[in-house]
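The structure appears right after this line, and notes come after that.
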Amino acid sequence: MSTLLIKGARVIDPANQADQLADVLVEQSRIAQVAPNLKHNADTLIDAKGLILTPGLIDMHVHLREPGDEEEETIASGSAAAVAGGFTSIVCMPNTDPAIDNEATVDFVYRQAANANLANVFPCGAITKGRQGKELAEMGQMIRGGAVAFTDDGSGIQDPSVMLRALQYASMFDTPLCQHCQDNALAGAGCMNSGYHATVLGLPGINRLAEELMLYRDIQLVKQTKARYHAQHLSTTGSVDLIRQAKKQGLHVTAEVTPHHLLLTDDACSAYDPNFKMNPPLRAKDDLAALQQAVADGTIDCLVTDHAPHLRSEKELEFLHAPFGIVALDCALGLFAKALIEPAVIDWPQLIAMLTINPARILNLNKGTLSPGADADITLIDPKANYTVDVNQFKSKSRNCPYHNWQLPARALYTIVAGNIKHKTL
Amino acid sequence: MSQKNAPAHASPTKTRSNRQRFTWRHKHLIGLQNLAADELNHILDTAEGFQGISQRSIKKAPALRGKVVVNLFFEDSTRTRNSFRLAANRLSADVLEFTSKGSSVSKGETLRDTARNLEAMGIDIIVIRHAAGGAPHLLTQCTNACVVNAGDGYHEHPTQALLDIFTIRERRPLKGLNVAIVGDIGHSRVARSNLWALHTLGANVYFVGPPTLMPSGLDKLPVNVCHNFDDIIGDMDVLNMLRVQFERIGSPVFPSVPEYSRLFGLTSKRMKRAKKDVLVMHPGPINRGLEIESEVADGPNSTILRQVANGLAVRMAVLFLVNQAAQAKTS
């Protein structure tokens, strides 16, 4: 039986309210024991003094572009980027070509992920066929195939009658519906936050109400259906207020935020660099502060990258014509530390909870904990790494990232999936 | 100021005393937002010197001889394109016309690729018109040529604003002047460029139009916003009437032509409320009877044709100055 002993780390396991200096013993692919001063003649020994040891990080919002746009990213390259960034599990969005809207495509994702043999990849199925927002996709079949959630991400479901049916239908599975909240009619052809900067740059804006109105609508639908609902990549003050109120009412509503919306604001678009173009768009300073507050008070449940690879040639277009989205899997942990730990918005155990047990609970995944017997998915973090981001070192196939040359406080040194070291930062 | 008897100079005549020591440093003209008052005045002064050339029997100066100017137009335009071509010709440059309807995306070649191809042909100045705000800025990152913005999306149209201001300045000093810009402000690059330069030069700017045609965030800009034209018309020294884009009529932004004309059109009836010597401007081409009544457009207060004439001098000045800055950088 192969064994791995990790010695002397600060072990943070929010699922068990643990934060202690301890050793962790892995036997085969499972956590065997977590305790100080473990004596064991293990096959592999890692000295982890000064490091933080956590359950493997989970990112429940990434785009892997396969099938359809393999030049931008593949399930293998995206998995490599994930483990390089400390993520042992990722959830891939269904806006591929064809969309992940049936059991066969769900199977395909699992097969490609198994071939890559790096991170755990869990597919999120489409809510509607072809993500057209009209007919429900075969959610039951996809769950049988292993879909962990549903979304039409990339666009929200515009028709309230379709969303109502989707919530009613999904409520029998205990699987969350995730929504990219954006009313397309209101958002129009906008390409950045509407307001002073869009006006000065002469670019069409996206009204914040496009996000808030759909979220408000959905919360009313959730109230009636009692379904489980997850709001994706929230960006505005109004949105987090809506989630806060919904939670107070006891609804099964959860929410996520990206590092971009915690670190950047719409003034970053001033040089027309499409690496600052994303959807939802970067908002104002007040919104950033409100999102930080929502992270601190638990309104926001988890942190995600919305990793969205695009070709260089596409991101070199005019800002108006370039596609939305940026990559961040490789450096996300450092970004979250910079956004939330450095300014003391939250502490490490809170941050780790939002990257482990919280998304695991939303998705009903048996992950995100170091309890004995759990899958030995482990991330070792250097909280004082203080390193410089170099996008050319990314394992992702794409380079559309605005954080090149940023100085980040922390990074993952080891990423261990089912007891195997899948990444080691040299 | 009349330039009819000006001597034939290759470079503009010096008309203002503070100009001798000024060195123009920008090899691109993307917008007026970040230009200082002395820079704006320098362009206008330079244009003043170039006015004389149009009056001569041989309407040519050698300033850009041997240089190639590309008119790179991704949007329909007749007058701006012709004005730039004539301006370049008058400075003895060769002009390459490049037209592409629709975006570079639909055409399959990116703006970067187009720029690199043009550069390979050895061009010196690119005059670009593009439907996407920021396209000229992108061009500056992928070419060594000078870039002159001839209008990008709703961002800026610097030469239009310069010729508007040149036309005002011919008649009265800008400081303290009340200038109303009336119409579809939200989609207007002319309004934005005018706002920046007029504000820098000490004028008070009023945006007039329905709230549906106003962009967001105006409270953070140095402008007065007004939705009732009649409330302010009596205090204005200049009325700059923007062209109404027909594709917006009947869309949710405003209901009908008669309603627009009644509320925001410059009718002869409304003109009675205005100052006697108010300047009536329009960037053209005008929709007679829509944003401006014919009687007003052709009346004594109208500077519309004077704007066109001045546009030529202003564009000559801009081409001359960016080329001068580029040469200073290479030498």
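Computed from the coordinates by the stated procedures, all read-outs in this text should not be read as laboratory data. What you see is a predicted model, and the numbers here were worked out from it, not measured in a lab. Every residue, glycine among them, receives a Cβ derived from its backbone with ideal geometry; neighbour counts consider all protein chains shown.
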Within-9-Å neighbourhood charge of A:Thr425 [Cβ basis; K, R +1; D, E -1]: +1
State whether segment A:56-362 is rounded, prolate or oblate according to the following rule on the C-alpha gyration tensor (a ≥ b ≥ c being the square roots of its eigenvalues): a/c under 1.5 gives rounded; otherwise a/b larger than b/c gives prolate, and the remaining case gives oblate. rounded
Provide the net charge surrounding B:Gln33, with neighbours chosen by a C-beta distance below 9 Å and charges set as Lys +1, Arg +1, Asp -1, Glu -1. 0
In Å, the C-alpha Rg and Dmax of segment A:312-369 are 16.2, 45
When only alpha-carbon atoms are used, what values of Rg and Dmax, in angstrom, describe the protein assembly as shown? 30.6, 101
Principal axis dimensions, largest first and in whole angstrom, of segment B:72-183 by Cα: 47, 33, 25
By Kyte-Doolittle mean hydropathy of at least 0.0 and Cα axial length of at least 24 Å, which whole DSSP H helices of chain B are selected? B:304-330
If the cut-off is 20 Å between C-alpha atoms, which aspartates and glutamates fall inside it for A:Lys285, apart from same-chain ones fewer than 8 positions away? A:Glu211, A:Glu212, A:Asp241, A:Glu256, A:Asp266, A:Asp267, A:Asp273, A:Asp297, A:Glu342, B:Asp219
Cβ density ranking, 10 Å radius, fewest first, applied to B:Ser92, A:Ser89 yields B:Ser92, A:Ser89
Partner chain Cβ atoms within 10 Å, averaged over the residues of B:109-117 - can you pull that number for me? 2
Other residues with Cβ under 13 Å from the Cβ of A:Pro309 give, with Lys and Arg +1 and Asp and Glu -1, a net charge of -3
What order do you get for A:Asp301, B:Asp219 when you list them from fewest to most C-beta neighbours inside 10 Å? B:Asp219, A:Asp301
With equal scatterers on the alpha carbons only and no solvent term, can you work out the Debye log10 of I(q)/I(0) for chain B at 0.13 1/Å? -0.98
How would segment A:77-221 be classified by its alpha-carbon gyration tensor: rounded, prolate or oblate, with rounded meaning a/c under 1.5 and the a/b versus b/c comparison settling the rest? oblate
Cα to Cα, under 14 Å, and not fewer than 8 places away if on the same chain: which aspartates and glutamates meet these conditions relative to B:Lys275? B:Asp230, B:Asp231, B:Asp235, B:Asp237
For the pairs A:Lys338/B:Lys220; A:Lys384/A:Lys424; A:Lys277/A:Lys395; A:Lys248/A:Lys384; A:Lys129/A:Lys247; B:Lys175/B:Lys329, note any where the Cα-Cα span goes beyond 27 Å. A:Lys338/B:Lys220; A:Lys248/A:Lys384; A:Lys129/A:Lys247; B:Lys175/B:Lys329
I need the shape label for segment A:371-419. Rule: rounded when a/c is under 1.5, else prolate if a/b > b/c, else oblate, with a, b, c from the alpha carbon gyration tensor. oblate
Partner shielding of B:188-201, as the mean number of partner chain Cβ atoms within 10 Å, equals 1
Radius of gyration and maximum dimension Dmax of segment A:155-264, Cα, Å: 14.7, 49
Please express the shape of segment B:158-300 as an equivalent ellipsoid: the semi-axes are the square roots of 5 times the eigenvalues of the C-alpha gyration tensor, given largest first in whole angstrom. 21, 18, 14
Given a Förster distance of 45 angstrom, what is the FRET efficiency for A:Asn392 paired with A:Gln158, based on the Cβ-Cβ distance and rounded to 0.05? 0.70
Dipole-positive endmost among B:Ile232, B:Val190, B:Gly202 within segment B:158-300 (Cβ charges, Cα centre): B:Gly202
Starting from segment A:95-165, pick out the chymotrypsin sites (Phe, Trp or Tyr not before Pro) whose DSSP state is loop and whose Cβ has at most 14 other Cβ atoms within 10 Å. none
